[in-house]
Amino acid sequence: MIKKIGFWLLIVLFVLGLVFGYWYLSVSKQHESAAIFNLPDSCAFIIESRDFSSLLKKLNETSLLWQELQKNKLEPESIINLKLLDSILEATDDPEAYINEKSISLVAYNEHNQFNFLLAFHTSAKGLEIWQKLLKKTGGKLEKEIAKKSLRSIFKYSPTNGSKSYYGYLNKNTIWVCEDKNLLDNCMTAEKTLQKNKDFNKVIEFAGSKNDCRIFLNLNKTHSFLQADIGNYMNSGWIELDADIKPAEFSLNGIIKSDSSSLYKELIKQEPQDIEFIQHIPEQTINFTFFGFSDYSSFYNNFYLTNNKQQNDSLSGKISRMVGNEIVLLETEIKNGKRRKYVQLRIQEIEEVKKLIRSNSLEKKSLNNIKGSDTLFYIKKPQFLSQLTAGLIAKEMQYLFFNSDYLVFCESDSSCLEYNQEIERGKTLAENENYKRLINGKVSDACNFMSYNFLPSTSTPNFLSNNILDFLSNHSELYNKLNTLSFQLSSAKENLIAQTYLLYSPTDKVNNESIWETKLDTTIISSPEFVLNHKTGMTEMIVQDVNKNLYLIGNTGKILWKKEIEDLKKSAIFQVDFYKNNKLQYLFNTATAIHLIDRNGNEVAGFPVSLNIPSTNAINVFDYEKNGDYRIIYVDTLNKIHVLRSDGKP
């Protein structure tokens, strides 16, 4: 049972919330209200699903990454009660039929590096009655309590198995459910709510309607997930992201709003810039952080010099006026496994900058083989690079040289030589197959910020904090199957548009193992037949084993159902729209029967149709008028031809 419930976290809290609501609705005035608006705005993130049933199906049936997360047991243990959920769902053969498909939100609060989760959703008396009947079969204790701070009535549910209790509160037809009674009490007494948060209200206005789910991130609570030199500038405001889930891909597109972030205020003034630098950095680049500016001098003055006026007449201040539209921090990995970091700035007045560098540095050595440059320079000021890049790149790189119209910073003189050798090979990141796959419709051609990360087993994302990197290293089996991660920000009409893309590549990078494997009861007797999932548009397969079992296998390798039939099938699988409602069924025959099976593995009413005289061959199916009036044709052992309607009748 547990295998078929996938996204059970939401179901557990959802079910319990309905119970609490049922007890409370009898004395509550009902009217519509936003399920999350009255919650404290101190939450870290919110995951909202407008169609819970479809999201559940899509995750379980099509997402390889979701399957991997379940395999690695990465769900938060503090909010799980599998035995309770299992006993509830055992009361029905179709648990998804009882899930309310209105908006459901999972809200996370982060206190002392510990996440507490709360579920918020609307409910109705009719739905509560259905769940009350189911829960009568499961037992457990339901009782009323008074919260200490708010002095409001809450309800406590204690499962019969003695596991941790759950607490619920209903207000204006909205239910909140969580494990932490104190969190629930704090939510009821909050003064600073999401409804009063300007940034949150702005991003929710831009949220899309056609998506798998929506994710809201509170930057004030989640910026610590980023490296300090990035997170320090992204520490306020909200991000709204619409999620699109595919078998091996996960993409997020949305918007950022922040009234107090100085970086946000300046980036929205800059026009997105074409990503041209990939033609000038080594093919072995495994990650980069890119900043694009239409007017860097203006950005530098407003963002940096406002608080660092003494830098205006310094060397960095003078050169900043001649920096062009690109600043890139990149990391390469050469054949011997060594990794090197570089910073590359496009320069507008290259000769003038060369004069300034020569007059303020020590010439380290001659590099005659470096294209467009003849000298490697050593800058005596450790903070020079950070000052020149307006503090965006907090690195100490004091070696530099000129390459065409770029100024390149290095960590050592040897790394400068290695960089140039890679460029001299004539191959750049623009020719990298992995990067080309990413830019093929996955990311924008122009932006103001981009983080790109190729994720082989020896690499880690360049923008995540050490805590997140430690987590990934502790789950290397999962991490090694992640291929590419990118994040972009682009200004548009005084907004910042955000795009995130994650590519999951389950093929083992070292052993080249299969993408997925599924174990059946015994040996298959026929070749797999590919069929269409009319709900998701994804391709699935049907196979039969020697014991006459028929299997429908999703595109993640999960067995969706197994059904025993009376004989080995003779025909191929025909997909037909029997009810003319754009839902497909599977039509085929054995020697003695014609079967029509629906997506859930059940025979359509009236099937199987028994054949009085066995067939000698496979059926053929025709739709002459293309109107769904199918004709089924087969030949029996007496060489008689039979033509049947779609319902199996002559």
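The values are calculated or read from the model by the stated rules, or taken from the named source; none is laboratory data. Note that the structure is a prediction, hence the values are computed from the model and not measured. All Cβ positions, glycine included, derive from the backbone under ideal geometry; neighbour counts span all protein chains shown. In case anyone asks, the SASA skips ligands and DNA or RNA and just uses the protein heavy atoms, side chains included. Shrake-Rupley method; radii C 1.70, N 1.55, O 1.52, S 1.80 Å.
Name the residue from Ala605, Gln575, Trp561 whose Cα lies farthest towards the positive end of the charge dipole of the stretch 542-623, charges +1 on Cβ of Lys and Arg and -1 on Cβ of Asp and Glu.
Ranked along the dipole, the leading option is Trp561.
Under the 0.36 nm per residue contour assumption, what length would be gained going from the current alpha-carbon distance of Asn600 and Leu532 to full extension?
Values: separation 68, 0.36 × 68 = 24.48 nm, distance 1.35 nm.
In short, 23.1 nm is gained.
Suppose all protein chains stay in the model; what accessible area per residue would a 1.4 Å probe give for the stretch 549-595, in Å²?
On the way: 1840 Å² over 47 residues.
The answer is 39 Å² per residue.
Convert each backbone phi in the stretch 391-408 into a coupling constant with the Karplus relation 6.51 cos²θ - 1.76 cosθ + 1.60 (shift: θ = phi - 60°), then list the ³J(HN,Hα) values in order as whole Hz, x for Gly and Pro.
Those phi angles translate into x, 5, 10, 8, 10, 9, 10, 10, 9, 8, 8, 9, 10, 6, 9, 10, 9, 10 Hz.
What is the sum of charges, Lys and Arg at +1 and Asp and Glu at -1, for the other residues whose Cβ falls under 15 Å from the Cβ of Asp41?
Values: positive: Lys192, Lys196, Lys198, Lys202, Lys221, Lys257; negative: Glu111, Glu191, Asp199, Glu240, Asp259.
Once positives and negatives cancel, what remains is +1.
What nm value, rounded to one decimal, do you get for the distance between Asn495 and Gln421 when each label is placed 7 Å out toward the C-beta?
4.9 nm
Around Glu352, with a cut-off of 15 angstrom between Cβ atoms, what is the net charge of the other residues, counting Lys and Arg +1 and Asp and Glu -1? Before the final figure, lay out the partial values.
Values: positive: Lys318, Arg321, Arg346, Lys354, Lys355, Arg358; negative: Glu349, Glu351, Asp405.
Its environment carries a net charge of +3.
Using label points projected 7 Å from each Cα along Cα→Cβ, tell me how many nm separate Lys265 and Asn302, to one decimal.
Between Lys265 and Asn302, the simple spin-label model gives 0.9 nm.
Once you put a point 7 Å from the Cα of Ala394 and another 7 Å from the Cα of Tyr624, both along the Cβ direction, what distance in nm separates them?
7.8 nm
At 0.36 nm per residue, minus the direct Cα-Cα distance, what do Ala430 and Lys156 gain on full extension? Give it in nm, one decimal, please. Don't skip to the answer; put the middle values down first.
On the way: separation 274, 0.36 × 274 = 98.64 nm, distance 5.86 nm.
Fully extending the segment from Ala430 to Lys156 adds 92.8 nm.
Calculate I(q)/I(0) for the stretch 373-462 by the Debye formula, one identical point scatterer on each C-alpha and no solvent, and give its log10 at q = 0.19, 0.25 Å⁻¹ to two decimals.
Taking Cα atoms of the stretch 373-462 as identical point scatterers yields -1.18, -1.27.
Determine the alpha carbon to alpha carbon distance for each of Lys519/Lys548; Lys395/Lys481; Lys569/Lys640; Lys580/Lys626 and list only those over 22 Å. It would help to have the intermediate numbers written out before the result.
Numbers: Lys519/Lys548 16 Å; Lys395/Lys481 30 Å; Lys569/Lys640 20 Å; Lys580/Lys626 11 Å.
With Cα atoms farther than 22 Å apart: Lys395/Lys481.
May I ask you to compute the full-extension gain from Lys196 to Asp295, defined as 0.36 nm times their residue separation minus their alpha-carbon distance, rounded to one decimal in nm?
32.1 nm
Around Ser491, which amide H atoms from residues at least 5 apart in sequence, or from another chain, sit under 5 Å from its own amide H, with H modelled in the peptide plane?
When sequence neighbours closer than 5 places are left aside, the close amide H contacts are Asn448, Ile497.
Once each part is reduced to its C-alpha centroid, what is the distance from the stretch 393-451 to the stretch 604-650 in angstrom?
Value for the Cα centre distance between the two parts: 64 Å.
If we sort 554-564, 432-442 on the protection proxy, mean other Cβ atoms within 10 Å, highest first, what's the order?
Working: 554-564: 17.5, 432-442: 13.9.
Per-residue Cβ counts within 10 Å, averaged per peptide and sorted highest first, yield 554-564, 432-442.
Sort 143-150, 236-243, 616-623 by packing, meaning the average of other beta carbons within 10 Å per residue, with the highest value first.
The densest-packed peptide leads the list: 236-243, 616-623, 143-150.
Quick one: 3J(HN,Hα) in Hz for the stretch 235-242, Karplus 6.51/-1.76/1.60 with θ = phi - 60°, rounded, Gly and Pro as x.
10, 7, x, 10, 10, 10, 10, 8
Enumerate the calculated ³J(HN,Hα) couplings along the stretch 319-332 in order (Karplus 6.51 cos²θ - 1.76 cosθ + 1.60, θ = phi - 60°), each rounded to whole Hz, writing x wherever the residue is Gly or Pro.
Karplus values, whole Hz, x for Gly and Pro: 6, 4, 6, 10, 6, x, 9, 10, 10, 9, 9, 9, 10, 10.
What is the sum of charges around Asp521, taking Lys and Arg as +1, Asp and Glu as -1, for the other residues whose C-beta is under 13 Å from the C-beta of Asp521? Each step should come with its number before you reach the end.
Numbers: positive: Lys519, Lys548, Lys562, Lys563; negative: Asp545, Glu564.
Here the charged neighbours net out to +2.
Rounded, prolate or oblate: which one fits the stretch 520-650, using the alpha carbon gyration tensor with axes a ≥ b ≥ c (rounded when a/c is under 1.5, else prolate when a/b beats b/c, else oblate)?
Values: a/c = 2.07, a/b = 1.22, b/c = 1.69.
Since a/c reaches 1.5 but b/c is at least a/b, the shape of the stretch 520-650 is classed as oblate.
Return the subset of Lys196/Lys265; Lys558/Lys649; Lys196/Lys221; Lys355/Lys427 for which the Cα-Cα distance in this structure is over 25 Å, preserving the input order.
Details: Lys196/Lys265 21 Å; Lys558/Lys649 35 Å; Lys196/Lys221 17 Å; Lys355/Lys427 30 Å.
In this structure, Lys558/Lys649; Lys355/Lys427 exceed 25 Å between Cα atoms.
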